[in-house]
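The values are calculated or read from the model by the stated rules, or taken from the named source; none is laboratory data. Small disclaimer: the values here were computed from a predicted structure and weren't measured. Neighbour counts are summed over all protein chains in view; Cβ atoms, including those assigned to glycine, are modelled from backbone coordinates with ideal geometry.
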Amino acid sequence: GAVVSQHPSWVICKSGTSVKIECRSLDFQATTMFWYRQFPKQSLMLMATSNEGSKATYEQGVEKDKFLINHASLTLSTLTVTSAHPEDSSFYICSARDPQHTEAFFGQGTRLTVV
Amino acid sequence: GQQLNQSPQSMFIQEGEDVSMNCTSSSIFNTWLWYKQEPGEGPVLLIALYKAGELTSNGRLTAQFGITRKDSFLNISASIPSDVGIYFCAGRRETSGSRLTFGEGTQLTVNP
């Protein structure tokens, strides 16, 4: 089956620094990847849709200059949280669509803690 | 974006019992999906529904796409301890492209 891998699984960073999260499709090429944020005991909220070779489409209320998304290849999308603050601490999850399957597959998530 | 109304928020049941949860919306969806998420992991797709009225099973799980296209339910029969987790419904509207809207989740606890 299709595998989507995120790295790192967890990260702790200091307030004001930037952190990059990678999302890779390991055994398929994904033209579209999605980035979600999930706060404790809450649902997944879509942040942005990332298309290979073009600018990401951000959901309303998501700051594109704070959450930089790059989808430079068919197997890799990155999310960079710039100038992180404690309120950015959350579980970030990506999903990638395999053209052979109707639905996207999710990565295992990245736990970000900003101290 | 708009969220789906999922209920119940949590369930505490005994092993062997059946479980039912549902999602409703004021909008029409053309796809309903049910996911399970375990602590510290991403969601895993359980069942996908694409037609109004469709009833689909996956082992002990059964889900239905409501005839009005505004709701869906998930049943788990003869629950076992490994069914513990958070179950999310998700829907896709015709006007939203490939984007999904998620319900608030149902936390299931199964006592042995």
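Being in contact with a strand residue (DSSP E or B) (Cβ under 8 Å, 6 or more places away or on another chain) and part of a loop (DSSP other than H, G, I, E, B) is the filter here; which residues of the stretch A:29-39 pass it? The answer is A:A30, A:T31, A:F39.
Among the candidates B:F102, B:F12, which residue alone is exposed (fewer than 12 other Cβ atoms within 10 Å of the Cβ), part of a strand (DSSP E or B), at pLDDT 95 or above and in contact with a strand residue (DSSP E or B) (Cβ under 7 Å, 6 or more places away or on another chain)? Testing whether each residue is exposed (fewer than 12 other Cβ atoms within 10 Å of the Cβ), part of a strand (DSSP E or B), at pLDDT 95 or above and in contact with a strand residue (DSSP E or B) (Cβ under 7 Å, 6 or more places away or on another chain) leaves just B:F12. Can you pull out the residues in the stretch B:72-99 that are within 14 Å of chain A (Cβ to nearest Cβ) and in a strand (DSSP E or B)? Correct list: B:G85, B:I86, B:Y87, B:F88, B:C89, B:A90, B:G91, B:R92. Filtering the stretch A:15-25 for residues that are under 26 Å from B:I47 (Cβ atoms) and either of a type in the set (S, T, N, Q) or at the interface with another protein chain (Cβ under 10 Å from one of its Cβ atoms) (or both) leaves a non-empty set. Taken together, the residues in the stretch A:71-115 that are among the polar types (S, T, N, Q), in a strand (DSSP E or B) and buried (at least 16 other Cβ atoms within 10 Å of the Cβ) amount to 5. Candidates in the stretch A:1-14 are the residues that are in a strand (DSSP E or B), surrounded by fewer than 19 Cβ atoms within 10 Å (Cβ to Cβ) and not polar (S, T, N, Q); of these, the one that is farthest from the other protein chains (Cβ to nearest Cβ) is A:C13. For the stretch B:29-66, taking the residues that are of a type in the set (G, A, S) and within 11 Å of another protein chain (Cβ to nearest Cβ), the one that is surrounded by the most Cβ atoms within 10 Å (Cβ to Cβ) is identified as B:G42.
If you take the residues in the stretch A:46-64 that are within 13 Å of chain B (Cβ to nearest Cβ) and over 14 Å from the mean Cα position of the chain (by Cα), which one is surrounded by the most Cβ atoms within 10 Å (Cβ to Cβ)? Of everything passing the filter in the stretch A:46-64, A:G61 is surrounded by the most Cβ atoms within 10 Å (Cβ to Cβ). When B:R69 is tested against the conditions (1) crowded, with 16+ Cβ neighbours inside 10 Å; (2) among the basic types (K, R); (3) over 20 Å from A:M45 (Cα atoms); (4) within 14 Å of another protein chain (Cβ to nearest Cβ), the lone failure is (4). Does A:R97 qualify as being at pLDDT 95 or above and within 14 Å of chain B (Cβ to nearest Cβ)? It is false that A:R97 is at pLDDT 95 or above and within 14 Å of chain B (Cβ to nearest Cβ). When we screen B:L33, B:L46 for residues that are closer than 28 Å to A:Q60 by Cβ, modelled with pLDDT of 95 or more and not in a loop (DSSP other than H, G, I, E, B), the only hit is B:L33.
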